[in-house]
Amino acid sequence: MAERHDGRRPDQGRPITIETGVTPYAEGSALIATGDTRVLCTASVQEGVPAWRERSGAGWVTAEYAMLPRATHTRTSRERSGPRGRTQEIQRLIGRSLRSVTDMRLLGPHTVTVDCDVLQADGGTRTASITGACVALELALRWMLGEGLVERTAVREKVAAVSVGIVDGTPCLDLDYREDAGAQVDMNLVATESGGLVEVQGTAEGDPFPRRELDALLDLGMAGIDTLLAAQAQALADAS
């Protein structure tokens with residue numbers, strides 16, 4: 001494959017933008033767009049922690065994820081009776097990713113909840129949510145520092161996520177919906193700026209795939225995450 005259906009090279013991600021300060025009331029916010037996928041991430045700071053964590057002396061970071069009814073080509077009903085299985089899986093993944101780079105003891109008795117609301121979906125909503133949520137979280141922790149709620153920021157480093165997959169026999173970076181739907185292998189990769197892996201979710205949609213293709217996908221994904229980390233850094237610099 002020399003070129004993908006949208007003109008990208010196999011190793012090329014979709015255009016990315018991260019706009020900060022998009023909601024006036026949240027302590028931290030970021031609107032991330034990766035191609036036609038758009039996710040609004042808002043971070044809210046609350047005093048107190050869950051009851052099971054009260055004696056730990058540490059704070060807590062959690063996340064919620066939702067998709068607007070017309071984020072997709074046809075309307076999806078709102079999850080009024082509680083999050084479905086896929087939604088629970090995604091918001092747990094976002095929360096784990098954020099906690100992996102946060103020093104909970106520096107938060108003190110505070111909870112930061114990051115809400116990720118998908119405005120438009122064209123593949124990679126969970127990975128875009130993680131990348132945008134990290135920016136919103138860091139902005140919220142900057143706010144806490146400015147308010148004197150913490151002595152220093154609790155974020156140790158940034159974390160980002162990207163999808164990779166085998167499409168028409170070729171390893172490809174940052175799959176859109178059309179590619180994801182027809183991929184022979186679909187994988188999500190979450191990693192930190194120091195190169196640590198937080199999570200690898202990979203599935204063969206048909207025949208098993210060899211180890212060499214897994215290694216190729218990991219290399220492709222880590223290179224893509226470097227680009228996302230640079231976009232995060234630029235967005236946070238612009239917000240200073």
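Pairs meeting the criteria (first residue in region 145-161 and charged (D, E, K, R), second residue modelled with pLDDT of 95 or more and in a loop (DSSP other than H, G, I, E, B), beta carbons under 7 Å, at least 6 apart or on different chains) are Arg156/Val101; Arg156/Asp103; Glu157/Val101; Glu157/Glu193; Glu157/Ser194; Lys158/Val101; Lys158/Glu193. Picking from residues in region 103-154 that are of a type in the set (A, V, I, L, M, F, W, C) and in a loop (DSSP other than H, G, I, E, B), the one that is nearest to Thr227 (Cα to Cα) is Ala121. Scanning region 69-101 for residues that are in contact with a strand residue (DSSP E or B) (Cβ under 6 Å, 6 or more places away or on another chain), within 18 Å of Ala136 (Cβ to Cβ) and touching a residue at least 40 places away in the same chain (Cβ under 8 Å) turns up Ser97, Leu98, Ser100, Val101.
A single member of Thr203, Thr153, Thr125 is closer than 27 Å to Gln88 by Cβ, among the hydroxyl-bearing types (Ser, Thr, Tyr) and surrounded by 14 or more Cβ atoms within 10 Å (Cβ to Cβ), and it is Thr125.
Summed over region 5-27, residues that are in contact with a Leu (Cβ under 6 Å, 6 or more places away or on another chain) and assigned to a loop (DSSP other than H, G, I, E, B) total 3.
Count, please, the residues in region 186-240 that happen to be of a type in the set (Val, Ile, Thr), in a strand (DSSP E or B) and under 18 Å from the mean Cα position of the chain (by Cα). Adding up the residues that qualify gives 4. A residue that is of a type in the set (Ser, Thr, Tyr) and crowded, with 24+ Cβ neighbours inside 10 Å occurs somewhere in region 163-171.
Okay, residues lined up against (1) under 14 Å from the mean Cα position of the chain (by Cα); (2) surrounded by 15 or more Cβ atoms within 10 Å (Cβ to Cβ):
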position: Ser56; (1), (2): no, no
position: Ser77; (1), (2): no, no
position: Arg99; (1), (2): yes, yes
position: Leu106; (1), (2): no, yes
position: Pro109; (1), (2): no, yes
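As a summary of the residue check, Ala30 satisfies the conditions (1) under 13 Å from the mean Cα position of the chain (by Cα); (2) assigned to a helix (DSSP H, G or I) except for the one numbered (2).
The values are calculated or read from the model by the stated rules, or taken from the named source; none is laboratory data. Worth saying up front: this structure is predicted, and the values here are computed from it rather than measured. Glycine also receives a Cβ, built like all others from the backbone with ideal geometry; neighbour counts cover every protein chain displayed.
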